[in-house]
Amino acid sequence: MFNLNEIKELIQLVDETSVQEVEIENEGSRLVIRKPSKAETVYVQQAASAPVATPQAVQAPVTAPTSATPAAAPTTPEVDPSLHTIVSPMVGTFYRSSSPEAAPFVSTGDQVNDKSTVCIIEAMKLMNELEAETKGTIVEILAENGQLVEYGQPLFLVKPE
């Protein structure tokens, strides 16, 4: 399975080059990144773990802007430039915890490091853990539990250490 950082790096590489399409298979998962004229599209396909009579692939489309097209993410109020913004790497459903009964991964005021899981983004039944990407303190949580989020939408504000 591909991790979110790998997917983000591949999207950025494709966006910065003249390559129009990349297809990679890894551990039973397939990742296709295509760059049409207006937006890149990412498809993650997971192979079935056991043979079934009518196998169905799981696909999660995610739209990412190219450098020529501004992001269509919702606008947020003026943010202190000294704060780090953790944004959604994909379209999906935002979850603050691993299950409804579990405590949230992070709350306002919590200390995080670059490997701290801050939330889960569910895209077509695939649960993708999102890491903080920086060391610091959670200042604000910008999304509600169970909310649909867009690619590039700000989710957390972190005061770096």
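Every number here is computed from the coordinates shown, using simple stated rules; none is lab data. Computed from a prediction, not measured in an experiment: that's the story for all the values here. Because the Cβ atoms are built from the backbone with ideal geometry, glycine has one as well, and the counts that use them run over all protein chains shown.
Separation between the residue 159 and residue 6 pseudo-spin-labels, each 7 Å from Cα along Cα→Cβ, expressed in nm? Here the modelled spin labels are 3.7 nm apart. What the phi angles of segment 103-115 give under the Karplus curve with 6.51, -1.76 and 1.60, with θ = phi - 60°, is a coupling list of 5, x, 4, 9, 10, 4, x, 6, 7, 10, 10, 4, 9 Hz, glycine and proline written as x. Sorting the segments 127-138, 2-13 by their residues' average number of neighbouring beta-carbon atoms within 10 angstrom, most packed first, yields 127-138, 2-13.
Of the peptides 20-28, 90-98, the ranking by mean beta-carbon count within 10 Å, highest at the top, reads 90-98, 20-28.
Amide H to amide H, with H built 1.01 Å from N, residue 128 comes under 5 Å of 121, 122, 123, counting only residues 5 or more places away or on other chains. Using 0.36 nm per residue and subtracting the Cα-Cα separation, the extra length available between residue 19 and residue 139 on full extension is 39.4 nm. Taking segment 78-103 and a reference point 7 angstrom along Cα→Cβ of residue 148, the backbone N atoms nearer than 11 Å belong to 92-93. For segment 153-158, the Karplus equation 6.51 cos²θ - 1.76 cosθ + 1.60, evaluated at θ = phi - 60°, returns couplings of 6, x, 10, 9, 10, 10 Hz by residue, with Gly and Pro reported as x.
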